[in-house]
Amino acid sequence: MPDGVDDVMGVITEQIEARFQMSLLELRQAVAAEPQANREATEVVHWHGLLVEAQRALEKAEDDLVGVLSTEPGELDDPAMDLAHQVNSAVSVRDGRAMVVRFLLDPGKRGPGAWRGASPTASRGPALQTSPPARPVAPAASVRGVTR
């Protein structure tokens, strides 16, 4: 793993372990044994698993790109550009999943499901009054053959 990635994954793992007061392995085992016992723990374990999967996919995409770049110096051809786009996509997926895990660990969130729009503020409606725009009133145009 590149420098910094171990740190990020390590920090997230430490945050999970601190939040649930057990190792990640113990937490996974507890969730596997009784997934309904603690919904928050189940969500965190699920999303952490997706994060680890995304990190592995990113590492593979990076390795593939480095392999092509080390054998084909010069301008990037279409296959190399495709690999570069795969790396960018993999970074986005990994970062998105990391954000979800961090959110789930955030003590300031308003309970499980808040990120799905279930927060109390979501049910109050918009902060500003909204209404459809008024249609402009155009003068009536006469149509040939029709009298009004």
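The values are calculated or read from the model by the stated rules, or taken from the named source; none is laboratory data. What you see is a predicted model, and the numbers here were worked out from it, not measured in a lab. Cβ sites come from the backbone with ideal geometry, for glycine too, and all protein chains shown count toward neighbours.
With 104, 83, 76, 69 as the choices, which residue is out of contact with any strand residue (DSSP E or B) (no Cβ under 6 Å at 6 or more places or on another chain), over 23 Å from residue 13 (Cα atoms) and at pLDDT 90 or above? I'd like the intermediate steps shown before the answer.
Numbers: 104 fails: over 23 Å from residue 13 (Cα atoms); 76 fails: at pLDDT 90 or above; 69 fails: at pLDDT 90 or above.
Criteria check complete, one pass: 83.
Here is a yes/no grid of residues against (1) under 15 Å from the mean Cα position of the chain (by Cα); (2) touching a residue at least 24 places away in the same chain (Cβ under 8 Å):
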| site | (1), (2) |
| --- | --- |
| 26 | no, no |
| 47 | yes, yes |
| 62 | no, yes |
| 81 | no, no |
| 101 | yes, yes |
